[in-house]
1. Taking strands (runs of 3 or more DSSP E) that fall entirely within the stretch A:33-113, which contain at least 2 residues that are loosely packed, with under 13 Cβ neighbours inside 10 Å, away from chain B (no Cβ under 14 Å) and not small (Gly, Ala, Ser)?
2. Can you spot a residue in the stretch A:19-28 that is surrounded by fewer than 19 Cβ atoms within 10 Å (Cβ to Cβ), in a loop (DSSP other than H, G, I, E, B), within 14 Å of chain B (Cβ to nearest Cβ) and modelled with pLDDT under 95?
3. I'd like to verify a number: residues in the stretch B:76-106 that are over 30 Å from A:Leu52 (Cβ atoms) and within 14 Å of another protein chain (Cβ to nearest Cβ), how many?
4. For the stretch B:42-57, name all the residues that are at the interface with chain A (Cβ under 8 Å from one of its Cβ atoms) and more than 14 Å from B:Thr76 (Cα to Cα).
5. So how many residues does the stretch B:57-74 have that are out of contact with any Gly (no Cβ under 9 Å at 6 or more places or on another chain) and more than 21 Å from B:Gly16 (Cα to Cα)?
6. Of the residues B:Pro61, B:Pro70, only one is assigned to a strand (DSSP E or B) and open to solvent by 40 Å² or more (accessible area, probe 1.4 Å); which?
7. Before we move on, is A:Thr65 among the polar types (S, T, N, Q) and at pLDDT 95 or above?
8. If you scan the stretch B:30-58, which residues turn out to be open to solvent by less than 70 Å² (accessible area, probe 1.4 Å) and at positive phi?
Amino acid sequence: ILNVEQSPQSLHVQEGDSTNFTCSFPSSNFYALHWYRWETAKSPEALFVMTLNGDEKKKGRISATLNTKEGYSYLYIKGSQPEDSATYLCAFDRGSTLGRLYFGRGTQLTVWP
Amino acid sequence: DAGVIQSPRHEVTEMGQEVTLRCKPISGHNSLFWYRQTMMRGLELLIYFNNNVPIDDSGMPEDRFSAKMPNASFSTLKIQPSEPRDSAVYFCASSLTSGLTNEQFFGPGTRLTVL
């Protein structure tokens, strides 16, 4: 069994607050780490794919960092807005030729106006 | 590209009835995944196919669930007989495994309600 852990499970912040959450994954057999954004009543959409230790990705107010040696990734949201409310999923990619990803259970973010 | 297509988007049925969910992956993708979203388990992998061949069905809850992929552009997930505890959103996703990474693209989901 391959464990991908995300914390916290849920998070409530006020508009304008900055926030961050964690994805922990095995440090062995690492190929890539995927972040998805999943809005209520919609389907998960890819945010970032990270492959290199020390990698840092940014899209607008959202950024992510990666530490493959210790097996964690952080997702940061600067100046949260209500439209950032969603579940953020991470998925561990072992580079399987069959395509399997191992998803965490997600962090559910609610941003109050 | 139309993306991953799922049908129906919503299904309401009575306990004991057969339910068939359908998925059309992105053209050219060679892996297809069926997931179920539940409050208890989050996004749960049910079964996946590679080049139309079932690879791992260990996530299928019980024998009432079956899935097929007769060709590269179509897959079905069938529940027979359905039970109220099967009520959930079922997602289909596809990916191209020869790409740079195994990024999966999700369909809009089918919301199943079993009364």
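The values are calculated or read from the model by the stated rules, or taken from the named source; none is laboratory data. It should be emphasised that the depicted structure is a prediction, and the values quoted were computed from it without experimental measurement. Every residue, glycine as well, gets a Cβ built from its backbone with ideal geometry; the counts of neighbours run over all protein chains shown. Ligands, DNA and RNA are stripped out before the accessible areas are found, and what is left, the full protein with its side chains, is counted by its heavy atoms. Shrake-Rupley method; radii C 1.70, N 1.55, O 1.52, S 1.80 Å.
1. The strands (runs of 3 or more DSSP E) meeting that bar are A:56-59.
2. The answer is no; no qualifying residue exists.
3. Residues in the stretch B:76-106 being over 30 Å from A:Leu52 (Cβ atoms) and within 14 Å of another protein chain (Cβ to nearest Cβ): 4 in total.
4. The answer is B:Gly42, B:Leu43, B:Leu45, B:Asn50, B:Ile55, B:Asp56.
5. So the answer is 8.
6. B:Pro70
7. Taking the combined requirement at face value, the residue satisfies it.
8. B:Gly42, B:Asn52
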